[in-house]
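This report concerns only the one structure given below.
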Amino acid sequence: MDVMNSINLSSLGLSFDIIAGLLLWKYGLPEVINRKGMSFLALESTDKDEIKKAKKYDALSRVGVILLILGFILQLVSNYL
């Protein structure tokens with residue numbers, strides 16, 4: 001591969017890392033989410049909205065980790081092209 005493809009691959013990896021960093025910053029594991037859906041005002045009741053919100057945060061934080069790893073792999077591969 002030529003130098004331009006290596007640079008493009010590295011830039012794509014950096015872009016993935018930036019997006020991943022933003023996803024992890026936003027959707028990391030915040031303290032305000034009750035993962036079991038328990039309401040703070042009532043005993044032993046579940047809040048389906050909190051469960052849904054926790055699932056969204058979990059999924060997006062996993063996407064962030066995957067993008068971060070993929071970005072680093074692309075950067076590493078571009079060094080050897």
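The values are calculated or read from the model by the stated rules, or taken from the named source; none is laboratory data. Here the structure is a predicted model, which is why all the values come from computation and not from measurement. As a convention, Cβ positions derive from the backbone with ideal geometry for all residues, glycine included, and neighbour counts pool all protein chains shown.
Report yes if some residue within the stretch 12-20 is among the β-branched types (Val, Ile, Thr), surrounded by 12 or more Cβ atoms within 10 Å (Cβ to Cβ) and modelled with pLDDT of 90 or more; otherwise report no. Yes - at least one qualifying residue is present in the stretch 12-20.
Of the residues making up the stretch 45-81, those that are in a helix (DSSP H, G or I) and touching a Ser or Thr at 6+ places or on another chain (Cβ under 6 Å) are Gln75, Ser78.
Taking the stated definitions as given, is Ile33 β-branched (Val, Ile, Thr), surrounded by 11 or more Cβ atoms within 10 Å (Cβ to Cβ) and modelled with pLDDT under 80? So Ile33 passes the test.
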